[in-house]
Amino acid sequence: FDFCQAEGKKRPSENLGQVLFGERIEPSPYRFTFNKKETCKSVCTKTYDTTKPEDRQKLDFLKKSMLLNYQHHWIVDNMPVTWCYDVEDGQRFCNPGFPIGCYITEDGRPKDACVINSEFHEKDTFYIFNHVDIKIYYHVVENEALGARLVAAKLEPKSYKHTHADNPDCSGVPMDISNKASGEVKIAYTYSVTFHEEKSIRWASRWDYILESMPHTHIQWFSIMNSLVIVLFLSGMVAMIMLRTLHKDIARYNQMDSTEDAQEEFGWKLVHGDIFRPPRKGMLLSVFLGSGTQILIMTFVTLFFACLGFLSPANRGALMTCAVVLWVLLGTPAGYVAARFYKSFGGEKWKTNVLLTSFLCPGIVFADFFIMNLILWGEGSSAAIPFGTLVAILALWFCISVPLTFIGAYFGFKKNAIEHPVRTNQIPRQIPEQSFYTKPLPGIIMGGILPFGCIFIQLFFILNSIWSHQMYYMFGFLFLVFIILVITCSEATILLCYFHLCAEDYHWQWRSFLTSGFTAVYFLIYAIHYFFSKLQITGTASTILYFGYTMIMVLIFFLFTG
């Protein structure tokens, strides 16, 4: 971007989660000393000669970034420096970043941040925020050794055309760059710092002011009530079916004395000789079940820790690090579950099973991730993951996850296969003509709607936090929604499974996996809708990246819900 650079400072080190999320922290040329007030201190001056092609390119890049509303994100003492401004209804909104600049269109309409100042009125002009007023709030610690702690950092972006770049005075007209400007453009970057004592904020609660301005907790409660109603409805249905039909049937069985009554069986009792027939493609199903178990436990533990506050936004990258490490360590349950199911399906090729469990789903995710990384690397992006980290992830996968999967599979295959309560007939039964809603596809499509209805409001906030750089901190809500999602998925599947067993269709294994797994398809549709309605993404690389990462999330979500 060609802003001022810090000379000779080395970059702070990042943890795995930050590297995976592409958060790179750069040292800053803005120097502060505690309680030393600075006014209008110069940082550096950049000069662009538009007759030279390389200068012109840099200036065009700056203009493009202002047009797309790119933001600076600054950190002081691990606190995001926020820009707070008034929005409608007398509320204040604190943005953890501030824009590079803004643009006034050819018909004189101010875009994005240009509305903050009436002096920005030249048509077809860019205004760059080259001056910042930083206010740092501190809290003096009374009882310990003399010292103070920073509790908040706020800034106001300003735009000044400094008359003397080497001796700036921070007054006068805004720094405008006309779109058709030619000749020499000089941009001087300056800053002012003031320190204020703030007795009311404690150091422990210093993140609160950012969270207060975050959007709408009341929507959350509404969505949770909404989800709970769905869950109650489903539970009621399941309980009713279980109690009424099963109770009646069992009572009838107990009253039978003679065998001739037993001939008039109906519904699901007719398929008892076929219900445990191994499914087609049993290998793939068992592998999916293994990977799904791994993801389910990983999500549960990560969210549980996040609820307890270990993975708050203050620990940068902690969430992602925790998830990756857990996923690696949970190879054993994956291998065990896959082996148990595969053995109960009567499978013999156990080596293939173990290898697929450890390599199929992780391999797809890694390959997708690797391709995304190649694109980022080709674009010269700072979010590209260095080669060393890729090797580290591969080492985690091959040296820890794979051996653990093998151990799990060993125990899974050593145990006896799951005992079935009824024998399977030699000859498969013919499946009668199905009505529309007991056919496989309509059932699967209906099954995904209910779980998706429980999560889609949370999904909006999660997508915002990934793509629009808003903080996500509502882990309590998310944990609740997670539990509701698990219950809804299982209940919707039980219901639909019962319906098509009553219609004498005994291919239930794949169908039950796909019924709730279809939620992931709705997730994909929602992500596409979000892309077109919320994000102004231009450029092929960015679009490929968005959909590449979305596909990873969809796959993980598919395995998890299934």
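Numbers at a glance
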read-out	value
Separation in nanometres of the label points that stand 7 Å from Cα toward Cβ, at Met240 and Asp89	3.8 nm
Where segment 282-418 is the region considered: accessible area per residue in Å², 1.4 Å probe	47 Å²
Inter-part distance where segment 16-36 and segment 367-435 are each reduced to a Cα centre, Å	37 Å
Set of lysines with alpha-carbon distance to Lys281 below 29 Å, sequence-local pairs under 8 removed	Lys269, Lys343, Lys349, Lys351, Lys414, Lys415, Lys439
Förster radius 56 Å - calculated FRET efficiency between Gln57 and Ser200, Cβ distance, rounded to 0.05	0.70
Whole-number percent relative contact order across segment 327-408, with pairs defined as alpha carbons under 8 Å at least 6 apart	60 percent
3J(HN,Hα) from dihedral phi, segment 237-250, Karplus parametrisation 6.51/-1.76/1.60, rounded to Hz, x for glycine, proline	4, 4, 4, 5, 4, 4, 5, 5, 5, 5, 4, 4, 4, 5
Calculated FRET efficiency for the pair Met225/Arg24, C-beta based, R₀ 41 Å, to 0.05	0.50
Theoretical ellipticity at 222 nm over the chain - DSSP helices of four or more residues, -39500 (n - 2.57) apiece, nearest 500	-16000 deg cm²/dmol
Computed lengthening from Ile250 to Ala541, 0.36 nm per intervening residue step minus Cα-Cα distance	98.6 nm
Cross-link partners of Lys154 among lysines (Cα-Cα below 18 Å; sequence separation of 8 or more within a chain)	Lys36, Lys37, Lys41, Lys135, Lys199
Contour excess over end-to-end distance, with Cα ends at Ile375 and Leu68 and 0.36 nm allotted per residue	108.4 nm
Distance violations [Cα-Cα > 20 Å] among Lys123/Lys161; Lys158/Lys186; Lys9/Lys58; Lys158/Lys180; Lys9/Lys52	Lys9/Lys58; Lys158/Lys180; Lys9/Lys52
Gyration tensor verdict on segment 387-524 (Cα atoms; rounded if a/c is under 1.5, prolate if a/b is larger than b/c, oblate otherwise)	oblate
Rough spin-label spacing in nm, given labels placed 7 Å along Cα→Cβ, for Ser533 and Ser490	3.2 nm
Cysteines without a disulfide-compatible partner [the chain; Cβ-Cβ under 4.7 Å]	Cys307, Cys322, Cys361, Cys399, Cys454, Cys489, Cys497, Cys502
Radius 9 Å from Cβ of Trp510, net charge of other residues (Lys, Arg +1; Asp, Glu -1)	+3
Stretch gain in nm, segment Phe310-His420, where the contour uses 0.36 nm per residue and the Cα spacing is subtracted	35.2 nm
Alpha-carbon gyration tensor eigenvalues x 5, square-rooted, for the chain, Å	58, 25, 24
Coarse-grained scattering of segment 282-418 at q = 0.16, 0.22 Å⁻¹, given as base-10 log I(q)/I(0) from a Debye sum over alpha-carbon atoms	-0.86, -1.22
Tilt relative to the chain, helix 318-329 - C-alpha long axis, 0 to 90 degrees, to 10	30 degrees
Relative contact order for the chain, counting Cα pairs under 8 Å that sit 6 or more residues apart, in percent	15 percent
For the chain, size of Cβ-based charge dipole, Lys and Arg +1, Asp and Glu -1, in debye	1200 debye
Residues of segment 397-434 with amide N under 19 Å of the 7 Å Cα→Cβ point at Leu270	424-434
Carbon and sulfur %, accessible surface of segment 282-418 computed with the full protein complex present, 1.4 Å	77 percent
Summed side-chain charge close to Asp2 - residues other than Asp2 whose Cβ falls under 9 Å, Lys, Arg +1, Asp, Glu -1	+2
Positive dipole terminus of segment 282-418, leading residue within Thr352, Ala367, Ala384 (C-beta point charges)	Thr352
Backbone N under 20 Å from the Val76 label point (7 Å along Cα→Cβ), restricted to segment 1-44	4-7, 12, 25-44
Positive minus negative residues near Pro432 (Lys, Arg vs Asp, Glu; Cβ under 9 Å)	-3
Considering only segment 31-212, percent of DSSP beta bridges that pair antiparallel, nearest 5	80 percent
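The values are calculated or read from the model by the stated rules, or taken from the named source; none is laboratory data. Worth saying up front: this structure is predicted, and the values here are computed from it rather than measured. No Cβ is skipped: glycine too gets one built from the backbone with ideal geometry, and neighbour counts run over all protein chains shown. SASA here: full protein model, heavy atoms, side chains in, ligands and nucleic acids out. Shrake-Rupley method; radii C 1.70, N 1.55, O 1.52, S 1.80 Å.
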